[in-house]
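One structure is given below, encoded as structure tokens.
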Amino acid sequence: MPLVCLTDFQAYAQKHLSKSTWDYIEGGADECFTRDDNITAFKKIRLRPRYLKDVQEVDTRTTVQGEEITAPICISPTGFHCLVWPDGEMSTARAAQAAGICYITSTYASCALEDIVATAPRGLRWFQLYMQSDKQLNKQLVQKVESLGFKALVITVDVPKLGNRRQDIQNQLDLKMNLLLKDLRSPKERNPMPYFQMFPIDASFCWNDLSWLQSITRLPIILKGILTKEDAELAVKHNVHGIIVSNHGGRQLDDVLASIDALAEVVAAVKGKMEVYLDGGIRTGNDVLKALALGAKCVFLGRPILWGLAYKQGEYGVEEVLNIIKNEFHTSMALTGCRSVAEINQDLIQFSRL
């Protein structure tokens, strides 16, 4: 039986992955309220379609940081893709290139960055950076990704400390036993650093440190994990180029706002001075439309990409996931009377009273 929606891939992945891997992918912080609310919050938003418009031709293309993509649906940074499929991030990169979208590669990629670039040389790539306590290591990584042709730096800001992920603790998950991260190397050492040496992430990194980061790179800097107008205003003040509204898939601090519920506040705060994106809870084409109606320039998929990677020889499963949600989004646009992404606006939605 063919898989016809993203939750079909979720069910397939749960059936075929080991329990510890599945729990690692699906797990959230504490009671997983925010993880689940990311999805249910979309259901509080209703669509207001406009009819009798010529939608024979619907164009899903848009741009992110000036680069054209085939649809406003891209790939969030997630680590350790080799847990799901042997080719790991190389398969993900090939699928993103085939789909004509952006793939944010994680600091904790389980494939070497050179291999990811070589396997998908025409792909649009951003790099997600967890600020390490070793400043020289941060500088080394930034210079490396810039030289490899990555087009933006995505700084994850919501992990000054790792969230309390109960299932990983119960499973005694020990990634360091079978994974070495190819690109987390001390400048003085040639060997990869094992997982246990990656933490702690630099908990002292703060707004004033952004100027140092800006001084060592020409890449646009995007902050991932912003949820409030106060932090959005500070992002504008510090001249960053974009924000990804995100709660880390509910994996960091439980009981925070669902990403979609935080989006409008952040969009209003930046006043059009930078692009705002969203990740968390996107499962259908309607979800994409709702996010764009609330001001997101683009959405990013996390867990669904890993579900696809677990299916049908890695990259082909990811391609299917992307094709399904892109087709759903195309249908959502046509059925609400939108012929281009630019026509999607807040008039298309209303919040349910339920």
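The values are calculated or read from the model by the stated rules, or taken from the named source; none is laboratory data. If you're wondering where the values come from, they're calculated on a predicted model, not measured in any experiment. Glycine also receives a Cβ, built like all others from the backbone with ideal geometry; neighbour counts cover every protein chain displayed. For accessibility, only protein heavy atoms count, side chains too; no ligands or nucleic acids. Shrake-Rupley method; radii C 1.70, N 1.55, O 1.52, S 1.80 Å.
Roughly how many nanometres apart are two label points built 7 Å out from the Cα toward the Cβ at SER352 and THR40?
For SER352 paired with THR40, the spin-label model returns 1.1 nm.
Hey, any idea what the orientation-averaged projected area of the convex hull of region 89-172's Cα atoms comes to, in nm²?
6.6 nm²
Using alpha-carbon positions, what is the distance between the centroids of region 266-319 and region 102-137, in Å?
Taking the Cα centre of region 102-137 as reference, the centre of region 266-319 is 19 Å away.
Search the structure for amide H atoms under 5 Å from the amide H of PHE300, placed 1.01 Å from N in the peptide plane, and list their residues when 5 or more places away or on another chain.
CYS74, LEU278, ASP279, GLY280
Work the Kirkwood hydrodynamic radius out for region 10-112: mean of 1/r over every pair of different alpha-carbon atoms, inverted, in Å.
By the Kirkwood definition, the hydrodynamic radius is 16.9 Å.
For ASP347, what is the net charge nearby, where nearby means another residue's Cβ is under 11 Å from its Cβ and Lys, Arg count +1, Asp, Glu -1?
Once positives and negatives cancel, what remains is +1.
Can you run phi through the Karplus equation (6.51, -1.76, 1.60; θ = phi - 60°) for region 90-101 and list ³J(HN,Hα) in whole Hz, with x for Gly and Pro?
In residue order, the calculated couplings are 5, 5, 4, 5, 5, 5, 5, 4, 4, 7, x, 10 Hz.
Counting each DSSP H run of 4 or more residues in the chain as -39500 (n - 2.57), what helix-only mean residue ellipticity at 222 nm follows after dividing by all residues, to the nearest 500 deg cm²/dmol?
For the chain, the value works out to -10500 deg cm²/dmol.
Just subtract the alpha-carbon distance of GLN14 and ASN208 from 0.36 nm times their residue separation and send over the number in nm, one decimal.
Length gained, GLN14 through ASN208: 65.6 nm.
Among 91-103, 204-216, how do they line up by average Cβ neighbours within 10 Å per residue, starting with the highest?
With the highest mean Cβ count within 10 Å placed first, the list reads 91-103, 204-216.
Using modelled backbone amide H atoms (1.01 Å from N, in-plane), which distant-in-sequence or interchain residues come within less than 5 Å of ILE45's amide H?
SER352
Per residue of region 281-293, in order, report the coupling 6.51 cos²θ - 1.76 cosθ + 1.60 (Karplus, θ = phi - 60°) as ³J(HN,Hα) in whole Hz, putting x for Gly and Pro.
x, 6, 10, 9, x, 4, 4, 4, 4, 4, 5, 5, 5
So, in Å, what gap is there between the alpha-carbon centers of region 85-100 and region 1-68?
Answer, in whole Å: 18.
In the chain, carbon and sulfur make up what percent of the accessible area (probe 1.4 Å)?
50 percent
Within the chain, which is the longest segment that contains none of the GluC sites (Glu not before Pro) sitting in a DSSP loop with at most 11 other Cβ atoms within 10 Å?
190-354
Place a +1 charge on the Cβ of each Lys and Arg in region 77-164 and a -1 charge on the Cβ of each Asp and Glu, then give the dipole magnitude about the Cα centre in debye, rounded to the nearest 20.
200 debye
Running a GNM on the chain with Cα contacts under 10 Å, which residue among LEU17, LEU52, LEU234 ends up with the highest mean-square fluctuation?
Evaluated over the chain, the most mobile residue of the options is LEU52.
Using a 1.4 angstrom probe, figure out how much accessible area the chain has per residue, in square angstrom, rounded to the nearest whole.
45 Å²
Hey, what's the Kirkwood Rh for region 6-351 if you take every pair of different alpha carbons, in angstrom?
Final number for the Kirkwood radius of region 6-351 is 20.3 Å.
Mind checking which of HIS81, HIS16, HIS330 has the largest fluctuation in a GNM of the chain, springs on alpha carbons under 10 Å?
HIS16
Using each residue's phi in region 49-61, evaluate 6.51 cos²θ - 1.76 cosθ + 1.60 at θ = phi - 60° and report the 3J(HN,Hα) Karplus result to the nearest Hz, with x for Gly and Pro.
For region 49-61, the Karplus curve yields x, 10, 10, 6, 10, 6, 10, 4, 10, 10, 10, 8, 5 Hz.
Subtract the Cα-Cα distance of LEU162 and ASN323 from 0.36 nm times their separation in residues, and report this length gain in nm to one decimal.
Full-extension gain reported as 54.6 nm.
Could you pull out the trypsin sites (Lys or Arg not before Pro) across region 1-74 that fall in loop regions by DSSP (anything but H, G, I, E, B) with no more than 15 other Cβ atoms inside 10 Å?
In loop regions of region 1-74 (DSSP not H, G, I, E or B), the sparsely surrounded trypsin sites (Lys or Arg not before Pro) are ARG50, LYS53, ARG61.
Of all chymotrypsin sites (Phe, Trp or Tyr not before Pro) in region 1-78, which ones are in loop regions per DSSP and have a Cβ with at most 16 other Cβ atoms within 10 Å?
Passing sites in region 1-78 are TYR51.
How many nm is it between the label spots at LYS135 and SER215, if each spot is 7 Å from the Cα in line with the beta carbon?
Here the answer is 0.8 nm between the modelled labels.
7 Å from Cα along Cα→Cβ at both GLU230 and ILE201: what's the point-to-point distance in nm?
Here the answer is 2.0 nm between the modelled labels.
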